[in-house]
Amino acid sequence: MPDMNRPLRWGLLSTARINRRLIDAVRAAPRSEVFGVASRSLDAASAFADAHGIPCAYATYEDLVADPDIDVVYNPLPNRLHAPWTVRALKAGKHVLCEKPMALSIVQGQIMGRAADKAGRVLAEAFMYRHHPRTAEVRDLVRNGAIGRLRRIHGAFTFRFDRDGNWRWDPDEGGGSLWDVGCYPVSFARYVTGAEPLHVWAEQHRAESGVDDAMTGFLRFPDDVLATFDCGFDAAFRSEMTFVGTEGVLHVPMAFRPEGRMPIVLERDGQREERFVDGPTPLFLGEVLDMEAAILDGRPPAVPVADSLGTIAALVAILHAASTGHVAVPEPV
Ligand SMILES: NC(=O)c1ccc[n+]([C@@H]2O[C@H](COP(=O)([O-])OP(=O)(O)OC[C@H]3O[C@@H](n4cnc5c(N)ncnc54)[C@H](OP(=O)(O)O)[C@@H]3O)[C@@H](O)[C@H]2O)c1
């Protein structure tokens, strides 16, 4: 446990693009500070540290993980490296905020969870949207009957991605649109239903590299709730969820990154109502406050490992269905 009289010191594993959002959030959090950044080269780490006013630069990820001055490791590495570097950091006694998807297999996720338990450290998946109060409002509206009995769910996360050479095109790095963005609607549907899909089915289009660059999937939830989603690197930007009940429809535009003041739109009885739920500024602050509360106050993280394992099990089954053409049942976790 770090000295409570100083802020939690965060170390960033790599110079990933997403770091910028996390840095802003850590700086806005009352009990945290950005302490160090590691890269595969010292030059890159130093340049990033200089550009962002970060005190320490490390020539290797090992050096950062081994530094006793670091309390929390942020892991925004390519997906394949989430499990190994998270486990190394946990074994070195660090708390870890790991980017989504937490792991690429159930076994990897279970190993990560056991490493956190054994080390007595916090491990949480950085699903930022889960920390925005709008997300909880959507769940509460649906569960409290605002649209009647829930019947259908549709989620979509697509964008045009054409950065050649990026690891998202590499099957060995955990590339593909399902792991990258399809994980969001699957996670959101599980969150609102509070259940795991009974079975799933999907069709995909594969890029030349072999990763899925487009996918449409189906998940059957208990109580006859039917969910569909689509994701891809090949279509105009969409980031949205729709919940359809017996009495009404709830639209959630910008469901996964609610920048600015985005409404939830409730249609019922011929009426259309826009509801606004303010979120944190900066947008990623919620996940940092959640880590502070988990580490320093002993509160369970908002996205505990068990929840991440459920998402992984659903995604693994969806990939299986997409590659075999058969319905798949997610493994219990
Ligand atoms: N929560 C969100 O809203 C959000 C948004 C975007 C991305 N993400 C997640 O964050 C993670 C990083 O995404 P990103 O777009 O920020 O990635 P990125 O810019 O491509 O950065 C990944 C970093 O990993 C390091 N790296 C180590 N081995 C590598 C390899 N074999 N190939 C490429 N890079 C390697 C590189 O840093 P060094 O050269 O410094 O070592 C690189 O800068 C992903 O898991 C993604 O799913 C989350």
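The values are calculated or read from the model by the stated rules, or taken from the named source; none is laboratory data. Keep in mind that what you see is a predicted model, and the values were worked out from it rather than measured. Note: ideal-geometry Cβ built from the backbone for every residue, glycine included; neighbour counts use all protein chains shown. What goes into the accessible areas is simple: the full protein's heavy atoms, side chains included, and nothing from ligands, DNA or RNA. Shrake-Rupley method; radii C 1.70, N 1.55, O 1.52, S 1.80 Å.
Counting only heavy atoms of the protein chains and using a 1.4 Å probe, Tyr129 has close to 0 Å² of accessible surface. Taking the 1.4 Å solvent-accessible surface of the range 106-158 as the whole, the part contributed by carbon and sulfur is 47%. Considering only Gly310, Val34, Trp179, the residue lying farthest towards the positive end of the dipole of the chain is Gly310, judged by Cα position with unit charges set on Cβ. Projecting the Cα atoms of Val252, Ala124, Trp169 onto the charge dipole of the range 124-271 (Cβ charges, centred on the Cα centre) puts Val252 farthest toward the positive pole.
Determine the distance separating the Cα centre of the range 104-161 from the Cα centre of the range 191-241; give it in Å without decimals. Centre-to-centre (Cα) distance: 14 Å. Considering only Leu42, Leu77, Leu285, the Gaussian network model of the chain with Cα springs below 10 Å gives its largest mean-square fluctuation to Leu42.
Under the combined filter of DSSP loop state and at most 11 neighbouring Cβ atoms within 10 Å, the range 155-262 retains these GluC sites (Glu not before Pro): Glu208, Glu259. Rounded to the nearest 10 degrees, the angle from helix 285-296 to the longest Cα principal axis of the chain is 60 degrees.
Counting only protein heavy atoms and a 1.4 Å probe, the range 151-257 has 41 square angstrom of accessible area per residue. With a cut-off of 11 Å between beta carbons, the residues surrounding Phe35 carry a summed charge of -2, where Lys and Arg count +1 and Asp and Glu -1. What percent does the relative contact order of the chain come to when contacts are Cα pairs within less than 8 Å and at least six residues apart? Contact order relative to length: 19 percent. Look at the alpha carbon pairs under 8 Å that are at least 6 residues apart: their mean separation over the length of the range 197-291 gives a relative contact order of 14 percent. First obtain the Kirkwood hydrodynamic radius of the chain from its Cα pairs, then insert it into the Stokes-Einstein equation at 4 °C and 1.567 mPa s, and state the resulting D in µm² per second as a whole number. Estimated diffusion coefficient is 63 µm²/s. If only the Cβ of Lys and Arg carry +1 and only the Cβ of Asp and Glu carry -1, the dipole of the chain around its Cα centre is close to 460 debye.
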